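So the structure is just underneath, and the comments pick up after that.
The values are calculated or read from the model by the stated rules, or taken from the named source; none is laboratory data. These numbers come from a predicted model, not from an experiment. Glycine also receives a Cβ, built like all others from the backbone with ideal geometry; neighbour counts cover every protein chain displayed. The accessibility values were calculated without ligands, DNA or RNA, using every heavy atom of the protein model including side chains. Shrake-Rupley method; radii C 1.70, N 1.55, O 1.52, S 1.80 Å.
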Amino acid sequence: MKQIFLIVLFMLTTSMSGQGFILQEKDKQAHFAAGIAAGALGYHWSYKKHGNKTRAQITAMAASISAGILKELYDNRTGGTVEGRDVLATSMGGAVFTVTIPLFQKKKK
């Protein structure tokens, strides 16, 4: 778990492909927030159904990555601009949520 947190921290604090801090752009901030929302929904659904934090974390990450990819597929179909950095920002939001929320969650007995 600590490794995931360190990777996310590294991603958030370093330059992405020499293009500057990814979350400085308003569009990427919206994608980050959408990743948090998708991750939260995925985590809540999975944890409620299975009661397993690890399974819920995997579901949360899959939900946020899927949301980012689906949004870019939608952009491609409607003539919008497809950007890999949008998927990255959405995934980062999901990763931040996935790592932090279990830290504050009570353990089931």
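Tell me the net charge near Gly39. Cut-off is 15 Å between Cβ atoms, Gly39 excluded, with +1 for each Lys or Arg and -1 for each Asp or Glu. Working shown, then result.
Details: positive: Lys48, Lys53, Arg55, Lys71; negative: none.
Neighbour charge sum, excluding Gly39 itself: +4.
So with the 1.4 Å probe, I'd like the accessible area per residue for region 36-109, rounded to whole Å².
62 Å²
Starting from the Cα of Ala30, step 7 Å along the direction of its Cβ; do the same at Asp75; then give the gap between the two resulting points in nm.
1.0 nm
So how do 83-89, 63-69 stack up, highest first, on mean other-Cβ count within 10 Å?
63-69, 83-89
Using the Karplus curve 6.51 cos²θ - 1.76 cosθ + 1.60 with θ = phi - 60°, what ³J(HN,Hα) values do you get for each residue of region 37-47, in whole Hz, with x for Gly and Pro?
3J(HN,Hα) across region 37-47, in whole Hz: 5, 5, x, 5, 5, x, 5, 4, 4, 5, 5.
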